[in-house]
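One structure below.
The values are calculated or read from the model by the stated rules, or taken from the named source; none is laboratory data. In this text, all values refer to a predicted model and were calculated from it rather than measured experimentally. Note: ideal-geometry Cβ built from the backbone for every residue, glycine included; neighbour counts use all protein chains shown. In case anyone asks, the SASA skips ligands and DNA or RNA and just uses the protein heavy atoms, side chains included. Shrake-Rupley method; radii C 1.70, N 1.55, O 1.52, S 1.80 Å.
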Amino acid sequence: MADRVTVIGWDGSPLTAAARSALSAATLVAGAAHHLALPEVPANAERIRLGSVDLAARRIAGHRGSPVVLADGDPGFFGVVRTLRAPQHGLEVEVVPAVSSVAAAFARAGMPWDDAQIVVAHSRTLRRAVNVCRAHPKVAVLTSPGAGPAELALLLDGVHRTFVICEELGTEREQVTVLTSDKVADHSWRDPNVVIVIGGTASAQGGGWVAGREPGYPPQSRGWAMPPEGPRYQPAEGESVQLRAAQLARLGPRLGDLVWDIGCGAGELAADAARFGAAVIAVDEDPAACIRTDAAAHRHGVQLQTVQGRAPHVLERLPEPDVVRIGGGGVPVVTACADRRPERIVTHASTRDDAEAIGAALADGGYAVECALLQSVEMNPGDWSERERSVVFLLSGRRLDRAP
């Protein structure tokens, strides 16, 4: 019974001496059709066309001999190594890596990639991958059938990006195409491919110390739920920095989420949510509020999408949200949001009657409701006099058909 398997990465270049040596001794070789056609694969070795890696691992574990698995690029980077190392297979894995498809794609594009987000798109994660492309200026997407360049572009409707599409890297049919996102869905694309999605207005970083987006970028920005800056903004009745902090805590925005901020006002909550890595669509019927929100996003070095329109009608054409913050609109907006089934809905009310009505609407929509009465008093630290007092009901709804 095999207790050891050698995994060889292949990027289209000649195999290394270590890879050739392992292949020459192989009695079983698993891989895709183009891997099994390599001249280095022994003629007398058993061959497995690699579909389900888990099924192949079981075959390998039961094989008497020297098994080898061939995979594209670096098999330890979103590759087969994770499945082969699963405890139930009892396999010791030796890896001979090659250049990953993501590194190869950025090399073809002539771009650095230490500041890029890297996501995998398949049927279950396509929407989250698109949200990362909405929120970040440089994203590499490892695609799959049914979750490729065209699907990415269609779900990015209304958000302009540039796509660098790298098809069949390392093969004779390799092709690199650069298109704007509005043109991508007009073409058919060959699998496998890697898509680099770039664009947006966020400031570029240089010489960072961590891969991906540096936490807390831009460097001068520390903390969140801070008082608004820039043009003077008068918050709605009952709203305060402390309320915004509590709302963000209930929302918990994160990478891959899409946040709706309805009634975005000064845009500070929308910008804070984007700083957590989430994609944000900020909605307000006031054109000046949309301008302030764009300015807040620029000031905080993030990107988000603003939509001018009156809720709930404007919400019908927006993509599905993960969490929603409602800054105004009352029960009709709460009901419309609940119909879209986000995981969390957070809002506030200035009176107990309004809070009870909103809570009932959330409960009727299938949400577990929490309510807290928040009182905040802003003090002048010079003489400790009271500057401003705010009392508001904070309401949050958690979708009941989803585990906490």
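Structure summary
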read-out: Accessible carbon and sulfur surface of segment 83-158 relative to its total accessible area, %, 1.4 Å; value: 54
read-out: Computed accessible area, residue 160, all protein chains, 1.4 angstrom probe, square angstrom; value: 120
read-out: Contour minus Cα-Cα distance for residue 171 and residue 350 (0.36 nm per residue); value: 58.1 nm
read-out: Sum of -39500 (n - 2.57) over DSSP H runs of 4+, divided by residues of the chain (222 nm, nearest 500); value: -7500 deg cm²/dmol
read-out: Exposure ranking of 304, 243 by accessible area [1.4 Å probe, largest first]; value: 304, 243
read-out: Most mobile listed residue (244, 341, 64) in the chain, GNM with C-alpha springs under 10 Å; value: 64
read-out: Accessible area of the chain divided out per residue, in Å², using a probe of 1.4 angstrom; value: 49
read-out: Relative contact order of the chain, pairs being alpha-carbon contacts under 8 Å that are 6 or more residues apart, as %; value: 11
read-out: Debye, to nearest 20: dipole size of the chain, +1 on Lys, Arg Cβ, -1 on Asp, Glu Cβ; value: 920
read-out: DSSP bridge orientation in the chain - percent antiparallel, rounded to nearest 5; value: 50
read-out: Two-decimal Rg/Rh across segment 23-169, once Rg and the Kirkwood Rh are taken from alpha-carbon atoms; value: 1.03
read-out: The chain: most fluctuating residue of 17, 274, 26 per GNM, C-alpha cutoff 10 Å; value: 17
read-out: Note, ³J(HN,Hα) from phi for segment 254-263, Karplus 6.51, -1.76, 1.60, rounded to Hz, x at Gly and Pro; value: 8, 4, x, 7, 10, 9, 9, 10, 9, x
read-out: Top positive-direction residue, dipole computed over segment 1-123 with Cβ charges, set 77, 119, 28; value: 28
read-out: Net charge dipole size for segment 5-141 [Lys, Arg +1 and Asp, Glu -1 on Cβ; Debye, nearest 20]; value: 540
read-out: Packing rank of 253-263, 351-361, 182-192, where each peptide gets the mean count of other beta carbons within 10 Å, highest leading; value: 253-263, 351-361, 182-192
read-out: For segment 242-288: rounded, prolate or oblate by the Cα gyration tensor [a/c cutoff 1.5]; value: oblate
read-out: Amide H contacts of residue 74 (H built 1.01 Å from N, under 5 Å, at least 5 apart or other chain); value: 98, 100, 101
read-out: Helix axis angle, 352-364 relative to the chain longest principal axis, alpha carbon, degrees; value: 30
read-out: Whole-percent pair-distance distribution, where bins are 5 Å wide, for the alpha carbons of segment 118-211; value: 3, 14, 26, 26, 16, 9, 5, 1
read-out: Directionally averaged shadow of the chain, computed from the convex hull of its alpha-carbon atoms, nm²; value: 23.5
read-out: Positive dipole terminus of the chain, leading residue within 90, 181, 333 (C-beta point charges); value: 90
read-out: Computed over segment 110-166: relative contact order in percent, which uses C-alpha pairs under 8 Å that are six or more apart; value: 35
read-out: The chain: angle of helix 241-251 to the longest principal axis, Cα-based, in degrees nearest 10; value: 40
read-out: Amide H contacts of residue 283 (H built 1.01 Å from N, under 5 Å, at least 5 apart or other chain); value: 261, 262, 263, 264, 307
read-out: Total charge dipole magnitude, segment 43-93, about the Cα centre, Cβ charges on Lys, Arg, Asp, Glu only, Debye to nearest 20; value: 200
read-out: HN-Hα J in Hz across segment 88-101 - Karplus 6.51, -1.76, 1.60, θ = phi - 60°, x for Gly and Pro; value: 5, 8, x, 9, 8, 10, 10, 10, 10, x, 10, 5, 5, 5
read-out: Net lengthening on full extension, residue 320/residue 299 (0.36 nm per residue, minus Cα-Cα); value: 4.9 nm
read-out: Of 226, 111, 379, the one that fluctuates the most in a GNM where the chain has Cα springs shorter than 10 Å; value: 379
read-out: Nearest 10 degrees, 0 to 90: helix 126-135 Cα axis against the chain principal axis; value: 60
read-out: Cα-Cα P(r), segment 1-41, percent of pairs per 5 Å interval; value: 5, 20, 39, 24, 9, 3, 0
read-out: Amide proton proximity set for residue 115, modelled H, under 5 Å, gap of 5+; value: 212
